[in-house]
Every structure is written in structure tokens, then in C-alpha cells.
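**Student:** Provided herewith is a single structure, encoded as C-alpha cells, for subsequent inquiry.
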Amino acid sequence: MLVARIAVWAVIASFAVEAGEYGTSDLLRVRRRIGDTKSAIDSLKRVVDSLSLQKRDVMTNPAVQERIAREEFGMVKGDRELIYHILRPDSSAVSPDSATRIQFP
């Protein structure tokens, strides 16, 4: 009789802990996902802050603007600067015959 009562209470306790759609395992899984999501949000906030600082520099800092113009677009400052493109002899993408030649007066 005692064994039957213990078995009944064990079934009732396990049903109380794991029963239904939102049992203990679901609760633990959701808590783990909440922690993962919070860490992803923190990581993305750092990325956004970094990009905001870079945007501010691009919009307001003339030195950064000049560096981007030179590196990304190949621009030069004034008439006294020239751009030299050094081609590798083994480069199949650009051959010396297909390169644009600039003639100076």
C-alpha cells in the first residue's frame, strides 16, 4: 500500500513538473534562448556603435574623406599628383595593351 501511494505521488509530481505545453524543460529552453538573444543583442549594439562612429567620421572628418577618396576611388589632390598603376606581368585580368594610356601635354 505504501509503495502504491509513493508511486501515485511520484506520477503526480512528475506530471506537475513536466505536464502540459509549458513544462520545466520548455521553461529551461526558453531561458537559454533568452540568454542567447540578449548576448546577440549586446553584440549587435557594439557593431551599431562602431558603425555610428565610422559614419560620423566619414561625414565630418576631412582626413577620413580624403583617405576614402584616394583608396576607394583613386582620386588625387590637385594637378601635381599622379596615380601610377603597377601591373604584374602575370596578371591575366589586365594586359599592358588594354591599359588606358594617358598623354600629358
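The values are calculated or read from the model by the stated rules, or taken from the named source; none is laboratory data. Only a predicted model underlies this, so the values are computations on that prediction, with no experimental measurement involved. A quick note on method: Cβ atoms are made from the backbone with ideal geometry, for glycine too, and the neighbour counts reach across all protein chains shown.
**Student:** With the condition kept exactly as written, say whether any residue in the range 10-18 is in contact with a Ser or Thr (Cβ under 8 Å, 6 or more places away or on another chain) and modelled with pLDDT under 80.
**Tutor:** Yes, that holds for at least one residue.
**Student:** Being surrounded by 10 or more Cβ atoms within 10 Å (Cβ to Cβ) and of a type outside the set (A, V, I, L, M, F, W, C) is the filter here; which residues of the range 50-61 pass it?
**Tutor:** Result: Ser50, Ser52, Gln54, Lys55, Arg56, Asp57, Asn61.
**Student:** Mind listing whichever residues of the range 65-86 are over 22 Å from the mean Cα position of the chain (by Cα) and part of a helix (DSSP H, G or I)? Steps first, please.
**Tutor:** Step one: of the range 65-86, the residues over 22 Å from the mean Cα position of the chain (by Cα) are 65-67, 69-71, 73-86.
Matches in the range 65-86: Gln65, Glu66, Arg67, Ala69, Arg70, Glu71, Phe73.
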